[in-house]
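Peer 1: What follows is a single structure, and I will ask about it in a moment.
The values are calculated or read from the model by the stated rules, or taken from the named source; none is laboratory data. What you see is a predicted model, and the numbers here were worked out from it, not measured in a lab. FYI the Cβ positions are ideal-geometry reconstructions off the backbone, even for glycines, and counts take in every protein chain you see.
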Amino acid sequence: MILQALYDYYQRKAADPESGIAPEGWEWKPIPFLVAIDQDGKYLHIRDTREIDGKKKVSKSFLVPRAVGKFGKDACDLANLFWDHYGYVLQIPKEDTDKAREMSFKQFDAFLGRLKALPDDVRVLPVVRALLKFYELEEFRKLSAEDRNNCLKVAGGNLTFFVEPFGLVVENSDVKAYVDGLVKLSGNAVVDDDDEGRIYNAVCLITGQKGIVQRKHARTSINKDTKSLVAIQKGAGYDSYGKQQAFNCPVGLSAEFAYTTALNALLKNGGNRLQLSDTTVVFWTQKKTGGFDLEAGFPWFFKSEKDNPDKNVEAVRSLYQAVETGRLPLDEEDRFYVLGLAPNAARISVRFWKTGKVSDFAGRIRQHFEDFNIVHGPKEPEYLSLYQILSSTVLDYKMDNVPPNLAGSVVASILDGVPYPRTLLQQCIRRIRAEQKVGRPRAAILKASINRFNRLYNKASKEVCVGLDRTNTDTGYRMGRLFAVLEKIQEESGTSASIRERFYGAASSTPVTVFSRLLKLNNYYLVKLSPGRKIQMEKEIQDIVDALKVFPSHLTLDQQAMFAVGYYHQRQDFFTKKDA
């Protein structure tokens, strides 16, 4: 299903001439350096294509012949056509060691061997003839020390050739026609070494058409790690019926190119990619329709941007308006896809795969924001992004500290409309106990987790409100409110110390051990208040305690969550302007 959806996405993009997606047999590749030579093969200079983007240099991307699959110990024996990194193109070793020099010799021989193996009608082309002359005259040895050092500064820096006055070799029309012809003949087929060099033909699992099967699928780069989405080891227990490696689950050459190119395009497009902890999320619609564009707004439902903090709010408001005005597309065939990927030892790991109608996803995302809606200050953002939610559950509010599986599990629960993972609530409570702080994101996490769980499994339970609910008789909620009132009395009495810093952990887990003492101390602080304020706070305490028969010996995890929500609601109520 994943491969089929990616294949369909490529077909949709390929049909749009303005999409810029690579045609079959080609790929977009960052090329930091161009080797400039003249039509006689004489070396001229190294041209740097990188441009300053923010604080770093970004290489310009060029459309080049698709890279060959370099796997295993003999990877250096395979070279790309007309481009590759400096070890292949210029025989520059990565390090000044015998092993690195030997590796660069092998890579250089592979690159030169592929050029010499070109057919005669291609070798006589002016740009190709100049390129062959460049190596015949050993002009690559004329690079200055500065040029060599610049190449070495870019890890795995790729190079291609610019022949004056003809231009880039890979952009030459005759060269393009030759590469396109290779695609029509056999594409990037890899023969099975154990099958006497014969190319395997079978029915493709994606297209249903019979043709050449791709044995080694192209790699995809996520989180600075390059792995294949589909990778099956040879002779590792997956072989059956005499079929080895990917021949056991055949994918045709064109289909393999289409799905890998589509995935790479999604990963490189910032508008279709979202990074949550170690999980890389890509998303797309089956077809482009008018009205509400979920694909454009999707990333802003989960992230926030420092330079444009209102982007998240605008996206959510647009979603609400689309639901209320009926602008959501209701076509059953208008599907939306969300794919969560994570790096793994052998291949890319699929964290989650969600598909459904655009209208269904929009409704579930809106429900998520309603569940996380909680009373807050006037200067705080209207909606919480997933970054704010997850970072509030870990040390120093750093996304790097979020447990690997938590981000993916939360996104999956949002898109499925099911209860949030239990670990989210547990992680939040642990962080509150460690810091004795209940801010808006943490209170919203607990409120949303409790309401979603009760909505599905405990429908008779009272839903936690957005703001203070004086009718809520839950023991944990009342205890949290009482603790907030006692803290407020202490603050208004002029005492510098806070009971929250000393007693929050015990009060929220074993209230019977501390509340009797806190109520006795409260009498000392009450007398320091004005008579009117003293009576008001005493009534507040009495109203809360009347619903409590006894102080419980301990509170369960859910009651501790309600304690935190009650505490937060009561604190917010103190700072909310009351109407006359």
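Peer 1: Just need a number here: residues in the stretch 531-548 that are without any contact (Cβ under 8 Å) to a residue 40 or more places away in the chain and touching a helix residue (DSSP H, G or I) at 6+ places or on another chain (Cβ under 9 Å).
Peer 2: 2
Peer 1: Among the residues of the stretch 123-162, count how many are in contact with a Leu (Cβ under 7 Å, 6 or more places away or on another chain) and more than 27 Å from residue 103 (Cβ to Cβ).
Peer 2: Residues meeting the conditions: 1.
Peer 1: Counting only residues that are touching a Lys or Arg at 6+ places or on another chain (Cβ under 8 Å) and touching a residue at least 40 places away in the same chain (Cβ under 8 Å), how many does the stretch 91-128 have?
Peer 2: Looking only at that region, the number is 1.
Peer 1: What pairs come up if the first residue lies in the stretch 334-359 and is on the phi < 0 side of the Ramachandran plot, the second is charged (D, E, K, R) and part of a strand (DSSP E or B), and their beta carbons are under 6 Å apart, counting only those six or more places apart or on different chains?
Peer 2: As it stands, the answer is 338/354; 340/351; 342/351; 343/225; 347/227; 348/227; 355/335, since those pairs meet every condition given.
Peer 1: Name the residue that is farthest from residue 42 (Cα to Cα), counting only residues in the stretch 151-163 that are surrounded by 18 or more Cβ atoms within 10 Å (Cβ to Cβ) and of a type outside the set (A, V, I, L, M, F, W, C). Break it down stepwise before answering.
Peer 2: Going residue by residue through the stretch 151-163, those that are surrounded by 18 or more Cβ atoms within 10 Å (Cβ to Cβ) are 151, 154, 157-163.
Next cut, of a type outside the set (A, V, I, L, M, F, W, C) only: 157-158, 160.
Values: 157: 22, 158: 20, 160: 15 Å.
Ranking the candidates gives 157 first.
Peer 1: Anything in the stretch 538-562 that is hydrophobic (A, V, I, L, M, F, W, C) and either surrounded by fewer than 19 Cβ atoms within 10 Å (Cβ to Cβ) or touching a Leu at 6+ places or on another chain (Cβ under 6 Å) (or both)? List them, or say none. Even if it seems obvious, please write down each step before you answer.
Peer 2: Narrowing the stretch 538-562 to residues hydrophobic (A, V, I, L, M, F, W, C): 541, 544-545, 547-548, 550-551, 555, 557, 561-562.
541, 544, 545, 547, 548, 550, 551, 557, 561 - these are the residues of the stretch 538-562 that are hydrophobic (A, V, I, L, M, F, W, C) and either surrounded by fewer than 19 Cβ atoms within 10 Å (Cβ to Cβ) or touching a Leu at 6+ places or on another chain (Cβ under 6 Å) (or both).
Peer 1: Please go through the stretch 378-428 and pick out each residue that is out of contact with any Phe, Trp or Tyr (no Cβ under 9 Å at 6 or more places or on another chain) and of a type in the set (Val, Ile, Thr).
Peer 2: 393, 394, 402, 418, 423
Peer 1: Could you run through the stretch 474-495 and say how many residues are more than 16 Å from residue 568 (Cα to Cα) and either among the small types (Gly, Ala, Ser) or outside any helix (DSSP H, G or I) (or both)?
Peer 2: So the count comes out to 3.
Peer 1: Also, I was wondering about something else. Find all pairs meeting these conditions: Cβ atoms under 8 angstrom apart; at least six residues apart or on different chains; first residue within the stretch 453-480 and farther than 24 Å from residue 511 by Cα; second residue surrounded by fewer than 19 Cβ atoms within 10 Å (Cβ to Cβ) and polar (S, T, N, Q).
Peer 2: Partner pairs satisfying both residue conditions: 454/461; 466/373.
Peer 1: Related question: Would you point out which residue out of 18, 24 is farther than 27 Å from residue 86 by Cβ and surrounded by fewer than 14 Cβ atoms within 10 Å (Cβ to Cβ)?
Peer 2: After applying the criteria, what remains is 18.
Peer 1: Quick check: is even one residue across the stretch 42-65 out of contact with any strand residue (DSSP E or B) (no Cβ under 9 Å at 6 or more places or on another chain), touching a residue at least 12 places away in the same chain (Cβ under 8 Å) and surrounded by 13 or more Cβ atoms within 10 Å (Cβ to Cβ)?
Peer 2: Yes, the stretch 42-65 contains at least one residue that is out of contact with any strand residue (DSSP E or B) (no Cβ under 9 Å at 6 or more places or on another chain), touching a residue at least 12 places away in the same chain (Cβ under 8 Å) and surrounded by 13 or more Cβ atoms within 10 Å (Cβ to Cβ).
Peer 1: Considering every residue within the stretch 77-97, establish whether at least one is among the hydrophobic types (A, V, I, L, M, F, W, C) and surrounded by fewer than 16 Cβ atoms within 10 Å (Cβ to Cβ).
Peer 2: As a first pass, look at the stretch 77-97 and keep what is among the hydrophobic types (A, V, I, L, M, F, W, C): 78-79, 81-83, 89-90, 92.
Still in the running and surrounded by fewer than 16 Cβ atoms within 10 Å (Cβ to Cβ): none.
No: the stretch 77-97 contains no residue that is among the hydrophobic types (A, V, I, L, M, F, W, C) and surrounded by fewer than 16 Cβ atoms within 10 Å (Cβ to Cβ).
Peer 1: Taking into account only those residues within the stretch 355-414 that are among the β-branched types (Val, Ile, Thr) and part of a loop (DSSP other than H, G, I, E, B), which is nearest to residue 3 (Cα to Cα)?
Peer 2: Just the residues of the stretch 355-414 that are among the β-branched types (Val, Ile, Thr), to begin with: 355, 358, 365, 374-375, 389, 393-394, 402, 410-411, 414.
Checking the rest, the ones that are also part of a loop (DSSP other than H, G, I, E, B) come to 374-375, 393-394, 402.
Values: 374: 40, 375: 44, 393: 35, 394: 35, 402: 30 Å.
Filtering first and then ranking leaves 402.
Peer 1: Please verify whether residue 3 is assigned by TED's automatic domain parsing to the domain that holds residue 129 and either modelled with pLDDT under 95 or among the hydroxyl-bearing types (Ser, Thr, Tyr) (or both), treating the condition exactly as stated. Don't jump to the end; show me each part of the working.
Peer 2: On the way: assigned by TED's automatic domain parsing to the domain that holds residue 129: no; either modelled with pLDDT under 95 or among the hydroxyl-bearing types (Ser, Thr, Tyr) (or both): yes.
The answer is no for residue 3.
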